[in-house]
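Student: Sharing a structure here in structure tokens format.
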Amino acid sequence: MAAITVFSPRTLPAVLKHRAVHKLGLLALAAAVLVPLANARWTGGAWPDALTVDLTKPLTEASTWIVDNRDTHPLFLYFFGHVSNAIVLAVRAVYLVLLAAGWAGVTALGALVAWRVAGLRLALGTVAAFLTCGWLGMWVPTMQTLALMVVAVAASVVVGALLGLAGGLSDRLNRALRPVLDTMQVLPAYAYLLPVVLVFGMGVPAAVLATVVYAAPPMARLTALGLRGADKEVLEAVRSLGATARQGLLTARIPLARKELLLGLNQTIMMALSMAVIASVIGAGGLGDRVYQALASVDVGAALAAGIPIVLLAVVLDRVTGAAGNGSTSAEPRRTGWLYALVAALAIAVAGRLMGRLDWPDAWTVRIAEPVNRAVDWMTAHLYSGVPVIGGTADWAAHFTTWVLNPLRDGLTWLPWWSVLLLVAALAWLIGTWQTALTAVLVMAAIGVLGVWTPALDTLSQVLAAVAVTLVIGFATGIAAARSDRLERALRPVLDVFQTMPQFVYLIPVVALFGVGRAPAVAAAVVYALPAVVRITTQGLRQVDAAAMESSSSLGATSWQQLRQVQLPLARPALLLAVNQGVVLVLAVVIIGGLVGGGALGYDVVFGLAQGDLATGLVAGAAIVCLGLMLDRVTQPTERRTKKGA
Amino acid sequence: MRIRTRLCATAAVGSLLLLTGCGAADMTKQASPFANAQGSKTVTLSVQSWVGAQANVAVAQYLLEHELGYRVDTVQVDEVPAWDALSQGRVDAILEDWGHPEQEKRYVDDKKTITRGGELGVTGHIGWYVPTYFAQQHPDVTNWKNLNKYADLMRTAESGGKGQLMDGSPSYVTNDKALVANLDLDYQVVFAGSEAAQITQIKQFAKEKKPFLTYWYAPQWLFKKVPMTEVKLPAYKEGCDADPDKVACAYPHTPLEKYLNSDFARSGGKAAAFLKKFRWTTEDQNEVSLMIADQKLTPEQAAKKWVEGHESTWRAWLS
């Protein structure tokens with residue numbers, strides 16, 4: 001899911017070290033002036049009460065007003081009502097078409113599209129994926145999710161492409177859009193749900209809208225990137241041929257940006273799918289709802305049965321759209337091929353209909369829940385405690401909590417608030433510019449102003465611990481995978497599965513292994529963030545110049561020396577990106593961590609959603625966003641900003 | 001529901017604009033897009049996240065589908081949002097409500113978008129529980145006054161130096177933080193964050209016969225797996241929980257209620273009549289819950305088993 005930007009290897013100039021001292025000196029000076037002032041006015045370590053703004057009252061009033069006026073106020077009747085209505089009708093239309101096509105028709109259509117776009121192998125994969133969905137007894141939920149996805153992705157693509165077009169054509173709009181898209185990138189999916197639910201109520205319209213808001217940004221970003229990246233000479237040539245601006249856009253710039261547009265589509269689909277499960281919390285139905293209901297009866301097997309179709313859909317859609325981005329077949333034979341494909345799909349659908357086999361036959365389903373549950377029970381029973389020498393997972397979790405999480409949390413909360421701000425400023429300035437440092441400090445201060453300083457530091461301590469664990473495991477695995485093709489191939493499906501598997505599925509095993517508390521929350525975050533870190537590390541190491549490797553080995557360097565002195569320094573930008581992605585992804589799971597005892601901000605968001613308490617939920621959500629922005633700035637090297645990475 | 005006939009005729013996306021282009025569109029009158037597909041009559045039921053609620057819905061669903069010929073969609077929603085969804089007609093009925101006076105006033109009395117559907121026949125009770133194996137060794141733990149004596153034994157990494165009182169899902173009613181403070185207990189409330197996490201943790205504790213103190217509620221199938229004994233808190237008196245910060249008394253016993261969307265209650269035909277009559281006992285509910293959660297039957301299989309054995313009970317609901 002993570003977009004990977006390629007860097008040219010670059011070494012740290014000596015000047016920078018000078019500059020670093022310079023920056024720190026300036027910062028120390030500012031601190032020397034400001035800290036005594038702040039300290040004299042507000043004593044004590046925690047964020048001073050005088051500097052907080054209590055939003056409880058206005059937010060509660062706003063939410064009451066919305067609920068009371070939702071069925072009478074013109075804004076709702078004439079605007080939101082129509083939006084909601086259109087979504088309901090669109091999803092329904094797609095759903096009815098899918099049901100009318102029957103399982104044979106849908107499978108055939110999917111396979112033929114995959115065949116035209118990406119070749120025979122993926123077509124077979126698509127057939128296997130759809131049949132597995134039916135075989136697991138998940139056909140109808142899969143179709144519900146698919147219907148919702150089709151509408152959500154279509155809307156995201158339209159919205160994203162329009163925004164991207166605006167950003168791609170106008171510099172000013174591009175500058176205005178960038179910070180907005182940056183923010184949306186670090187916004188956890190859960191945080192969108194509460195406001196959307198308040199306005200639209202539970203159900204499919206809210207779910208679709210939350211998905212669109214979540215999935216449109218990558219499309220916008222990549223569209224703008226593609227349009228801006230078009231070859232200047234080609235554009236010049238087009239203009240010299242006398243094409244108008246519109247013709248130039250349609251015939252040159254958009255076709256030239258095809259690759260980015262398709263990558264945008266790919267990312268949008270993946271984001272939308274990952275939202276499909278989270279949106280079940282607000283009544284989206286479909287596969288996500290099955291996972292969520294299985295969670296309630298503590299049934300890992302059933303959750304997995306609904307989770308597998310999501311993984312399969314994600315992998316198939318990812319591969320097919322990915323192949324579309326790379327493929328370049330000429331237009332003419334393609335068109336007739338499409339025609340044949342459509343006719344064939346139609347024929348199969350009609351045949352299925354005539355045979356009265358629209359619904360997936362019950363006799364063809366298999367129940368995997370029971371064996372899976374037995375396996376999970378066995379595993380947790382044997383690993384939980386009392387394993388000789390190394391101790392059980394419960395003991396590890398307890399040690400981790402006592403020796404890592406507690407000191408970290410206590411340390412952070414013990415630090416006076418201004419010193420936390422100073423620390424943030426120093427880190428962000430060292431790695432970035434004074435602008436990034438200023439943003440980081442401001443968002444961190446915003447957390448204090450919102451009145452959630454202490455829980456935010458609690459959450460921060462969990463995030464830091466999780467990132468550290470993720471990086472250690474991720475770098476080790478990534479280095480190993482970069483050195484062995486076989487390992488990389490073996491890892492690929494595993495990473496795919498972990499990246500797309502709904503997090504709800506592994507909540508129960510995580511609790512069964514690590515107990516309730518912050519340790520399982522950290523474990524869930526590590527599982528989620530690890531694949532991206534491993535991928536980026538592997539890719540970064542593999543892209544190190546072959547010549548540099550060659551010359552170092554001809555100089556007689558051992559493989560360990562080679563890794564330490566050539567590969568790792570040269571792959572430094574990729575490793576930094578891995579850190580950044582690790583932080584952002586770990587933060588995205590903070591709320592999920594609230595479901596297993598992570599407490600702090602994550603729990604508050606879940607609480608707000610469960611109790612319809614806008615004040616608690618929204619403030620905690622905003623604080624998570626602030627944390628995300630701060631961590632992003634602190635770990636985001638300057639190169640990435642100037643390079644306009646995706 | 002209301003736009004059903006028109007919807008079926010105009011499945012094509014092209015007619016979207018025609019339909020929505022003019023006039024007011026009341027969001028609170030829109031049904032789920034997955035309802036009533038292929039011309040069948042659909043009832044949408046809200047399932048809350050606990051298994052008892054799943055049991056109610058499973059049996060209601062089975063009877064609606066097999067005896068009355070409806071198609072039933074279920075949506076899992078938390079308690080408070082479920083009220084909201086019910087008032088908007090996104091779901092047709094809630095079968096088990098633990099008492100939400102604020103929402104009742106707003107939706108039932110003021111807006112009249114929700115109608116009472118009568119009692120479920122089950123009485124709910126929230127309390128603090130310790131495992132029975134521990135209570136037998138230390139009988140005095142079942143009084144709150146002695147809890148501090150055992151705080152050491154209840155300690156976990158998460159609760160730090162204090163004993164751990166485990167709370168569950170954020171959607172449940174809880175006064176535990178106030179109780180711990182007001183009763184001067186040496187305990188730390190640890191929020192498991194979801195019922196699934198809480199149950200999993202309780203099972204792991206029970207496997208090792210470790211002592212623990214947890215917020216829990218009856219009826220609940222877990223009692224059959226992990227026998228637990230309630231800890232006596234200062235007796236509940238009407239109004240003693242009025243101020244959430246000053247609560248120092250036990251939780252009440254609540255007769256669980258059903259609620260129906262008003263439109264559905266009026267025009268829902270046989271389904272609405274059936275849901276109003278649906279009424280069973282704590283034992284019945286536990287029987288089904290246990291089959292779902294412990295024997296890992298699907299809700300449908302569990303409901304089928306119960307329905308086969310209790311025909312006299314459910315016949316009365318259909319008449």
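The values are calculated or read from the model by the stated rules, or taken from the named source; none is laboratory data. Everything numeric in this text was worked out from a predicted model, so none of it was measured. Every residue, glycine as well, gets a Cβ built from its backbone with ideal geometry; the counts of neighbours run over all protein chains shown. What goes into the accessible areas is simple: the full protein's heavy atoms, side chains included, and nothing from ligands, DNA or RNA. Shrake-Rupley method; radii C 1.70, N 1.55, O 1.52, S 1.80 Å.
Student: I need a count of the residues in the range A:592-602 that are in a helix (DSSP H, G or I) and more than 13 Å from B:V189 (Cα to Cα).
Tutor: Residues that pass the stated criteria total 5.
Student: If a residue has to be within 11 Å of another protein chain (Cβ to nearest Cβ) and either within 26 Å of A:V106 (Cβ to Cβ) or surrounded by 14 or more Cβ atoms within 10 Å (Cβ to Cβ) (or both) to count, how many in the range A:366-376 make the cut?
Tutor: Number satisfying all stated conditions: 6.
Student: Follow-up. Go through the range B:197-212 and report how many residues are of a type in the set (V, I, T) and without any contact (Cβ under 8 Å) to a residue 12 or more places away in the chain.
Tutor: 1
Student: Which is within 30 Å of A:W115 (Cα to Cα), within 14 Å of another protein chain (Cβ to nearest Cβ) and either open to solvent by 10 Å² or more (accessible area, probe 1.4 Å) or of a type outside the set (S, T, Y) (or both), of A:A306, A:A345, A:A272?
Tutor: None of the others qualify; the one that does is A:A306.
Student: Take residues that are outside the structural domain of B:V108 (by TED's automatic domain parsing) and open to solvent by 10 Å² or more (accessible area, probe 1.4 Å) and tell me which of the helices (runs of 4 or more DSSP H) falling wholly in the range B:200-306 contain 2 or more.
Tutor: Ranges flagged: B:222-225.
Here is a yes/no grid of residues against (1) touching a residue at least 60 places away in the same chain (Cβ under 8 Å); (2) farther than 25 Å from A:A155 by Cβ; (3) more than 14 Å from chain B (Cβ to nearest Cβ); (4) aromatic (F, W, Y):
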{"residue": "A:V186", "(1), (2), (3), (4)": "yes, no, yes, no"}
{"residue": "A:M202", "(1), (2), (3), (4)": "yes, no, no, no"}
{"residue": "A:A215", "(1), (2), (3), (4)": "yes, no, yes, no"}
{"residue": "A:R228", "(1), (2), (3), (4)": "yes, no, yes, no"}
{"residue": "A:E233", "(1), (2), (3), (4)": "no, yes, yes, no"}
{"residue": "A:R246", "(1), (2), (3), (4)": "no, no, yes, no"}
{"residue": "A:I254", "(1), (2), (3), (4)": "no, no, yes, no"}
{"residue": "A:K259", "(1), (2), (3), (4)": "yes, no, yes, no"}
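Student: I'm checking my understanding of the structure. Among residues of the range B:157-174 that are in a strand (DSSP E or B) and within 14 Å of another protein chain (Cβ to nearest Cβ), which one is nearest to B:E79 (Cα to Cα)?
Tutor: B:D167
Student: Any chance the range B:67-81 includes a residue that's touching a strand residue (DSSP E or B) at 6+ places or on another chain (Cβ under 6 Å), polar (S, T, N, Q), crowded, with 24+ Cβ neighbours inside 10 Å and within 7 Å of chain A (Cβ to nearest Cβ)?
Tutor: yes
Student: Based on what the data block shows, is A:L77 touching an Asp or Glu at 6+ places or on another chain (Cβ under 8 Å), open to solvent by less than 40 Å² (accessible area, probe 1.4 Å) and within 9 Å of chain B (Cβ to nearest Cβ)?
Tutor: Yes, satisfied.
Student: Right, another one. Give all pairs with beta carbons closer than 7 Å in which a residue from the range B:138-155 that is within 16 Å of B:D184 (Cα to Cα) and assigned by TED's automatic domain parsing to the domain that holds B:W128 meets a residue that is open to solvent by 60 Å² or more (accessible area, probe 1.4 Å) and assigned to a strand (DSSP E or B); count only pairs at least 6 apart in sequence or on separate chains.
Tutor: B:N143/B:K232; B:W144/B:K232
Student: Does the range A:246-303 hold any residues that are part of a helix (DSSP H, G or I) and among the acidic types (D, E), and which are they?
Tutor: Within the range A:246-303, A:E260, A:D289 meet the criteria.
Listed here are the residues, each with its yes/no results for (1) out of contact with any strand residue (DSSP E or B) (no Cβ under 8 Å at 6 or more places or on another chain); (2) crowded, with 19+ Cβ neighbours inside 10 Å; (3) at pLDDT 85 or above; (4) assigned to a helix (DSSP H, G or I).
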site: A:G164; (1), (2), (3), (4): yes, yes, yes, yes
site: A:R172; (1), (2), (3), (4): yes, no, yes, yes
site: A:L193; (1), (2), (3), (4): yes, yes, no, yes
site: A:L198; (1), (2), (3), (4): yes, yes, no, yes
site: A:A207; (1), (2), (3), (4): yes, yes, yes, yes
site: A:A216; (1), (2), (3), (4): yes, yes, yes, yes
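Student: For A:L575, only one of the following conditions fails: (1) touching a residue at least 12 places away in the same chain (Cβ under 8 Å); (2) at positive phi. What is its number?
Tutor: Checking A:L575 against (1) touching a residue at least 12 places away in the same chain (Cβ under 8 Å); (2) at positive phi, the one that fails is (2).
Student: Which one of these does B:S194 not meet: (1) open to solvent by 40 Å² or more (accessible area, probe 1.4 Å); (2) touching a residue at least 40 places away in the same chain (Cβ under 8 Å); (3) at the interface with chain A (Cβ under 10 Å from one of its Cβ atoms)?
Tutor: (1)
Student: Looking at (1) surrounded by 21 or more Cβ atoms within 10 Å (Cβ to Cβ); (2) touching a Ser or Thr at 6+ places or on another chain (Cβ under 9 Å), find the lone condition where A:L412 falls short.
Tutor: All conditions pass for A:L412, except number (1).
Here's the yes/no breakdown for (1) within 12 Å of chain B (Cβ to nearest Cβ); (2) assigned to a helix (DSSP H, G or I):
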position	(1), (2)
A:P58	no, yes
A:T72	yes, no
A:A90	yes, yes
A:V113	no, yes
A:R121	no, yes
A:L131	no, yes
A:P141	yes, yes
A:Q144	yes, yes
A:L148	yes, yes
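Student: A further question on this structure: I'm trying to understand the selection: among the residues of the range B:302-319, which are without any contact (Cβ under 8 Å) to a residue 24 or more places away in the chain and closer than 24 Å to B:V226 by Cα?
Tutor: Within the range B:302-319, B:K305 is the sole residue that qualifies.
Student: Same structure again: Could you list, in sequence order, the residues of the range A:28-68 that are over 30 Å from B:Q88 (Cα atoms) and in contact with a helix residue (DSSP H, G or I) (Cβ under 7 Å, 6 or more places away or on another chain)?
Tutor: Scanning the range A:28-68 gives A:A31, A:V35, A:A38, A:W42, A:G45, A:A46, A:W47, A:L51, A:T52, A:V53.
Student: Residue check: is A:T107 more than 14 Å from chain B (Cβ to nearest Cβ), touching a Gly at 6+ places or on another chain (Cβ under 9 Å) and within 30 Å of A:L342 (Cβ to Cβ)?
Tutor: yes
Student: While we're here: Taking the stated definitions as given, is B:V108 facing another protein chain (nearest Cβ under 9 Å), surrounded by fewer than 24 Cβ atoms within 10 Å (Cβ to Cβ), assigned to a helix (DSSP H, G or I) and among the aliphatic types (A, V, I, L, M)?
Tutor: Answer is no for this residue.
Student: Of the conditions (1) part of a loop (DSSP other than H, G, I, E, B); (2) open to solvent by 20 Å² or more (accessible area, probe 1.4 Å); (3) free of Cβ contacts under 8 Å to residues at least 40 places away in the same chain; (4) not hydrophobic (A, V, I, L, M, F, W, C), B:K177 satisfies every one except a single condition; which number is it?
Tutor: (1)
Student: From the set of residues in the range A:428-449 that are modelled with pLDDT under 85 and of a type outside the set (G, A, S), which is surrounded by the most Cβ atoms within 10 Å (Cβ to Cβ)?
Tutor: The extreme case among them is A:W429.
Student: Within the range B:139-156, is there a residue that is within 10 Å of chain A (Cβ to nearest Cβ), in a loop (DSSP other than H, G, I, E, B), surrounded by 14 or more Cβ atoms within 10 Å (Cβ to Cβ) and out of contact with any Asp or Glu (no Cβ under 8 Å at 6 or more places or on another chain)?
Tutor: Yes, the range B:139-156 contains a residue that is within 10 Å of chain A (Cβ to nearest Cβ), in a loop (DSSP other than H, G, I, E, B), surrounded by 14 or more Cβ atoms within 10 Å (Cβ to Cβ) and out of contact with any Asp or Glu (no Cβ under 8 Å at 6 or more places or on another chain).
Student: Which is of a type in the set (V, I, T) and within 14 Å of chain B (Cβ to nearest Cβ), of A:V566, A:V634, A:V584, A:V589?
Tutor: Unique residue meeting the criteria: A:V589.
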